[in-house]
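Okay, structure first, notes after.
What follows is calculated from the coordinates using simple rules that are stated; it is not laboratory data. It should be emphasised that the depicted structure is a prediction, and the values quoted were computed from it without experimental measurement. Note: ideal-geometry Cβ built from the backbone for every residue, glycine included; neighbour counts use all protein chains shown.
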Amino acid sequence: MDIKFSDLVQYFKDIATKHKSIGQTPGEKHFYRFEIDEVLSGLKNINYPALILEGYRCDFTDDLADNILKNRSGAFILLDHVNDIGDFDQIHLVWDNLENIADDILIRIKRDKRDSFNKTIKDFKIGSVEYSLLANEQDRNYGIRCTFTISSPLTAVRENSNWITD
């Protein structure tokens, strides 16, 4: 199964809804896509903590064989707000809390990978995940950015049906 970006969006939106610390509900948005439309329409007025899914980029691996792997490199950001940028203890508490949430998300992804019904993150490479701390002092937002890779076979079954035959 070839996953689409919309599948990944729905998966992370579900994560934001199910994790009690994030608190996404129909009435209170905490999940955002890092897309130009969403950013321009008010990413400055977000609810904290926020889970922001970035788009991914792709590269391909074939190792000179018939099987092609599609490697999607993406990221999500967990973001919170600090009122006083000079309160380093509060900033460190925010980073610690967001790292705990990121760890919870990775543990959930690992569990969901075993679920045969959840194809979206079946090929999620836990070993590819890296965290980095973020600080935007101007907006007083602090966060953690988690990069990941999903490598899945690129199916060639559809190839013939998309071409006019000679």
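Just to confirm the number: angle between the C-alpha axis of helix 88-113 and the first principal axis of the chain, 0 to 90 degrees, nearest 10?
Here the helix axis deviates by roughly 30 degrees.
Post the alpha-carbon centroid distance, the range 104-144 to the range 4-21, in whole angstrom.
Using only Cα atoms, the two centres lie 11 Å from each other.
For the pairs LYS13/LYS70; LYS29/LYS113; LYS4/LYS122; LYS18/LYS125; LYS4/LYS119; LYS18/LYS70, flag any whose C-alpha to C-alpha distance is greater than 18 Å.
Listed pairs above 18 Å: LYS13/LYS70; LYS29/LYS113; LYS18/LYS125; LYS18/LYS70.
Can you tell me the FRET efficiency between ASP139 and ASN67 if r is taken as the Cβ-Cβ distance and R0 is 45 Å, rounded to the nearest 0.05?
0.50
Magnitude of the Cβ-charge dipole of the range 32-134, K/R +1 and D/E -1, about the Cα centre, nearest 20 debye?
Its charge dipole is roughly 560 debye.
Provide SER132, SER116 in ascending order of the number of other Cβ atoms located within 10 Å of each residue's Cβ, fewest first.
On the way: SER132 11, SER116 7.
Neighbour counts put them in this order, fewest first: SER116, SER132.
Report, in deg cm²/dmol and to the nearest 500, the calculated mean residue ellipticity at 222 nm for the chain, where each DSSP H run with n ≥ 4 adds -39500 (n - 2.57) and the sum is divided by the residue count.
Details: 3 runs with 45 residues, N = 166.
Only helices count here, giving -9000 deg cm²/dmol.
Could you compute the longest span of the chain free of chymotrypsin sites (Phe, Trp or Tyr not before Pro) located in DSSP loops and having at most 15 other Cβ atoms within 10 Å, not counting the site residues?
Working: sites that count: PHE117, TRP163.
Formally, the longest exposed-site-free interval is 1-116.
Compute the long axis of helix 5-18 from its Cα atoms, compare it with the longest principal axis of the Cα atoms of the chain, and write down the angle in degrees, 0 to 90, nearest 10.
So the helix axis and the longest Cα principal axis differ by about 40 degrees.
Order by neighbour count: LEU93, LEU78, fewest other Cβ atoms within 10 Å first, most last.
Working: LEU93 14, LEU78 29.
If I rank by nearby Cβ atoms, fewest first, I get LEU93, LEU78.
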